[in-house]
Number of protein chains: 4
Amino acid sequence: MTTQRPSSNPARRSEASRRAILTAAFELVGEVGYAKLSIEGIAARAGVGKQTIYRWWPSKGTVLLDAFLMLSGGQDGEAALPDTGDLEADLKTVLRATVAELNDPRYDEPMRALATEIAHDPELAAAYSERLDGPMRELKKERLRAAQRAGQLALDLDLDVAVEMVWGPLLNRWLQRGGPLTPGYADSVVETALNGLRPRG
Amino acid sequence: MTTQRPSSNPARRSEASRRAILTAAFELVGEVGYAKLSIEGIAARAGVGKQTIYRWWPSKGTVLLDAFLMLSGGQDGEAALPDTGDLEADLKTVLRATVAELNDPRYDEPMRALATEIAHDPELAAAYSERLDGPMRELKKERLRAAQRAGQLALDLDLDVAVEMVWGPLLNRWLQRGGPLTPGYADSVVETALNGLRPRG
Amino acid sequence: MTTQRPSSNPARRSEASRRAILTAAFELVGEVGYAKLSIEGIAARAGVGKQTIYRWWPSKGTVLLDAFLMLSGGQDGEAALPDTGDLEADLKTVLRATVAELNDPRYDEPMRALATEIAHDPELAAAYSERLDGPMRELKKERLRAAQRAGQLALDLDLDVAVEMVWGPLLNRWLQRGGPLTPGYADSVVETALNGLRPRG
Amino acid sequence: MTTQRPSSNPARRSEASRRAILTAAFELVGEVGYAKLSIEGIAARAGVGKQTIYRWWPSKGTVLLDAFLMLSGGQDGEAALPDTGDLEADLKTVLRATVAELNDPRYDEPMRALATEIAHDPELAAAYSERLDGPMRELKKERLRAAQRAGQLALDLDLDVAVEMVWGPLLNRWLQRGGPLTPGYADSVVETALNGLRPRG
DNA sequence: GTATAAACGAGACGGTACGTCGCGTCTTTAA
DNA sequence: TTAAAGACGCGACGTACCGTCTCGTTTATAC
């Protein structure tokens, strides 16, 4: 993290405190909810002075983002979306997994917290885009590119639009509580996105 | 509204205070941002005691929702989406208008505020769904139903899914700041949603 | 009460409400203490609108004063201090009774409430002086005058000073919690006041 | 002060804030009166957060008590009542000074405030007794003891009663506004207390 | 008898202050 | 030098009452 505030020397940073803070933040937001998540609470739970948080993170949102990065840090880099050759099936598999995760109370609240912080903080949104969403989106686009090569997708597609066409409806329904998130809904979205709303010949 | 909290008598409610509060809330969230929006600030701006807010609204989010309802109250009821017979053109018109509104700083912050409150408050989400989103969605479905009758849409479509397929990507990109909101993007979404990702004939 | 605010017609005044308010005030101050005594609480306990209190009393203190007047109203007028011919014994009797009353939790708090309101409100003090303390003091002075006639008291005494010499130490110790209020203390005060601090021949 | 609430570390306490709070409290009670004295007002005048007051003082009364202690802190310890050998003259001197102080508007309101807080708060009364009234009373008793040694006072006197016999009437008249506080009244009280009410042979 | 005007209960209103929580900064002590 | 600890000025929270002000509803003369 070379762009961190230069006044502090990251070399001296306590790794134990960092992990304790991120773990505490993730757990707390799940337990007490986003509205009652406080820096003081995180510091107390982590057994850390408040200053240690303020020294290394500029906002509550960045702590949350780092917490998510730590959790997803293991499989980072080499992960890829499944590719059985059947795009529709593969997308349904992935979206069903997403549905399961969004329905899991351990992840629901923390993800809402991060999502709403992003909605109000452009800088955090940029960091999120670069470090979490960007890599994820690249994997998705890679899978779609493979489908294009296999002739299963139109060649003139804007892949960013395509990705949003598949994941956007689901995430929007989740965050806005626009309806139940079920495996069947995931399937519907995939089918409709692939076939379009118009009747097919 | 017979389900009003019984401890207060709505008959005695001051309509002037109600309007002042909703106006102040909407203006303030636009001026100082959601993070700095406070009940205290709303009360001060509206020239009203705090208790008058707490007496009639259970949360900041419900105040915001009512503020939106008041603003959109005029054209309520008889509004309808344009229907020129050309579904694609009509949807592009509507989505371009939505893009313009979401890019308007007067509406951007207030809408984000409401959207993120909804994301954290199921009760508010239900109220929003019933009083703002529901009627809006009905208009959208009505336009799609007309297109179905005209043979422009598949007959076996789940219209709720269809609506989300058109508006979901846009709203998700907006709220999560996933990319620029341009008229061209609106067009892309409409085209892709109608035609689907798969190659056509 | 002919000096009552002329804008209201006392003739129409509800005697039932008046009694309910005074009773509620006296009871409440005993139950919840002076600090938590509120007009709202009195009104609620009395089953009365707040305005009915504000209409007839200018302050909490005057309500308390009237409550005391109502309670002591029965034996008003013809009461007198005991006169057995033995001044010392009579004063001890009276002061022991006073000690007992001040130690009674039913009267302690209300009396403290009234006393401290008086300490901060000259108008209330004047009303108290005229309507409660004055008549009481007259009885005391009358008893002392009888003792003077009997040659038991110096003839050049300022009877107001004399009264305060007997009751002042007791009331001061009570209000300021300067020490325990016991019958023995009452006796000591009477003896010392009568004999003086100087050695007697 | 080892009995300080253990949750706060007195070592870290800001002496500047402490003095500012006590000064502000004393000044404010004199300016706006006891009824309008508020913690919020004290904090604002002192340039201090409310929490800093709540952290170190349990009640408004204890703040006032400490304010008095700070003011009387200078001459603490070595002070003594005048002793010219003439007890009556000395007591008149002291009581006239007391009368002057109680008539001084700078001290009247603050002293009433403290006195009435004490009347309603036994804990505060104990603290007052220990830290302000106790030492004062010791000085008074010391002067009376000297008079006893000089044969000017009865030897079997209860000195606590004696002190109250001299100061009680005065303080009671002051606090209850039972009459004017004049130098002549002070003289009367001293004379009557020394000689007693009974005629002297 | 009826009208009419007050006093009444109820309680909403604009305010002030309460006592608490958390913010982000700063200072002290120990490792 | 970093870290735990926590005091500090500050601002907002949600609550309790203040004293004022309508609201209908008794109620009790004055027509």
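The values are calculated or read from the model by the stated rules, or taken from the named source; none is laboratory data. In this text, all values refer to a predicted model and were calculated from it rather than measured experimentally. For neighbour counting, all protein chains shown are included, and Cβ atoms are generated from backbone atoms with ideal geometry for every residue, glycine included. Keep in mind that these areas ignore ligands, DNA and RNA; they rest on the heavy atoms of the full protein, side chains included. Shrake-Rupley method; radii C 1.70, N 1.55, O 1.52, S 1.80 Å.
Helix C:105-120 sits at what angle to the longest principal axis of chain C, using alpha carbons and giving 0 to 90 degrees rounded to 10?
80 degrees
Size of the dipole of the stretch C:87-195 about the Cα centre, Lys and Arg at +1 and Asp and Glu at -1 on the beta carbon, nothing else charged, in debye to 20? Let's see the in-between values first.
On the way: 13 positive and 19 negative charges, 59 e Å.
Value, rounded to 20: 280 debye.
Averaged per residue, what accessible surface does the protein assembly as shown expose to a 1.4 Å probe, in Å²? Let's see the in-between values first.
Values: 39170 Å² over 804 residues.
Dividing the accessible area of the protein assembly as shown by its residue count gives 49 Å².
When chain C is treated as a GNM, springs tying every alpha-carbon pair under 10 Å, which of C:A154, C:A46, C:A100 comes out with the largest mean-square fluctuation?
Greatest mean-square fluctuation among the candidates belongs to C:A154.
To the nearest 10 degrees, how steep is helix A:183-195 against the longest Cα principal axis of chain A, on a 0 to 90 scale?
The helix A:183-195 is inclined about 60 degrees to chain A.
With a 1.4 Å probe and every protein chain left in place, tell me how much accessible area C:V32 has, in Å² to the nearest 10.
70 Å²
Rounded to whole Å and sorted largest first, what semi-axes of the equivalent ellipsoid does the C-alpha gyration tensor of the protein assembly as shown yield via the square root of 5 times each eigenvalue? Kindly include the intermediate steps, with their values, before the conclusion.
Working: eigenvalues 1351, 211, 69 Å².
Three semi-axes, in Å: 82, 32, 19.
Quick one: compute the contact order of chain D, relative version, from alpha carbon pairs under 8 angstrom and 6+ residues apart, as a percent. Working shown, then result.
Details: 143 pairs, mean separation 42.1, N = 201.
Taking the mean separation of contacting Cα pairs over the length of chain D, I get 21 percent.
Between the helical axis of C:87-103 and the dominant principal axis of chain C, each derived from Cα atoms, what acute angle in degrees is found, rounded to the nearest 10?
With both axes taken from Cα atoms, the answer is about 30 degrees.
Ignoring ligands and nucleic acids, what accessible area does C:E117 show with a 1.4 Å probe (Å², nearest 10)?
So the heavy atoms of C:E117 present about 30 Å² to solvent.
Return the average number of partner chain Cβ atoms within 10 angstrom of each residue Cβ along peptide C:118-128.
Working: counts 5, 11, 9, 2, 1, 0, 1, 4, 1, 0, 3.
Per residue, the number of nearby Cβ atoms from other chains is 3 on average.
Let me have the relative contact order for the stretch C:10-71, percent, based on Cα pairs under 8 Å that are six or more residues apart. The partial results should precede the final answer.
Working: 42 pairs, mean separation 24.7, N = 62.
This gives 40 percent for the stretch C:10-71.
Just to be sure I understand: if I project the alpha-carbon convex hull of chain C onto a plane and average over all orientations, what area do I get in nm²? Spell out each step's value before the answer.
On the way: hull surface 53.2 nm².
Averaged projected hull area, Cα only: 13.3 nm².
Taking the Cα centre of chain D as origin and charging only Cβ (+1 Lys, Arg; -1 Asp, Glu), how large is the dipole, in debye to the nearest 20?
Values: 25 positive and 28 negative charges, 125 e Å.
Here chain D has a charge dipole of around 600 debye.
Regarding the stretch B:87-195, what is the average projected area of its C-alpha convex hull, in nm²?
Values: hull surface 28.0 nm².
The orientation-averaged projected area of the Cα hull of the stretch B:87-195 comes to 7.0 nm².
Could you list, in their original order, any pairs among B:K50/C:K36; A:K50/D:K50; A:K60/B:K36; B:K36/D:K50; B:K36/B:K92 whose Cα atoms are separated by more than 24 Å? Let's see the in-between values first.
On the way: B:K50/C:K36 22 Å; A:K50/D:K50 21 Å; A:K60/B:K36 15 Å; B:K36/D:K50 21 Å; B:K36/B:K92 35 Å.
With Cα atoms farther than 24 Å apart: B:K36/B:K92.
Compute, for the protein assembly as shown, the length of the dipole vector about the Cα centre, with Cβ point charges of +1 (Lys, Arg) and -1 (Asp, Glu) only. Units Debye, rounded to 20.
Details: 100 positive and 112 negative charges, 48 e Å.
Roughly 240 debye for the protein assembly as shown.
Counting trypsin sites (Lys or Arg not before Pro) as exposed when in a DSSP loop with at most 16 other beta carbons within 10 Å, what is the longest stretch of chain C free of them?
Working: sites that count: C:R13, C:K36, C:R200.
In short, C:37-199.
In Å², nearest 100, what accessible area do chains D and C bury in total when the solvent probe is 1.4 Å? Before the final figure, lay out the partial values.
Values: alone 11880 and 11820 Å², together 19600 Å².
Counting both chains, the buried surface is close to 4100 Å².
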